[in-house]
Amino acid sequence: MNKENDKLNKFKAEAKLKSKKSDLFNSYLKKTNNIDDKIALIKFKYKDDNKQLLNSIKNLLKKN
């Protein structure tokens, strides 16, 4: 039982860290007005997932 609790606590800590990173990313994205900075942030976030990267850039360009 203790092993399961350790795994659960580890999972909760990782989820919390991901949430903080996402909040930080979104705050930077909202603060900047420069399109080049926004694209650089999106490239950094989705460096491993090209499809998500392209979709995010398309959505960003539609908003502007």
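Collect the residues in the stretch 45-64 that are polar (S, T, N, Q) and at pLDDT 80 or above, keeping them in residue-number order. Hits for the stretch 45-64 are 50, 52, 55, 56, 59. Of the helices (runs of 4 or more DSSP H) that lie entirely inside the chain, those containing 3 or more residues that are loosely packed, with under 10 Cβ neighbours inside 10 Å span 2-31, 50-63.
Scanning the stretch 20-29 for residues that are at pLDDT below 85 and more than 14 Å from residue 61 (Cα to Cα) yields 20, 21, 22, 23, 24, 25, 26, 28.
The values are calculated or read from the model by the stated rules, or taken from the named source; none is laboratory data. Worth saying up front: this structure is predicted, and the values here are computed from it rather than measured. Here the Cβ is made from the backbone with ideal geometry for all residues, glycine too, and neighbour counts use every protein chain on show.
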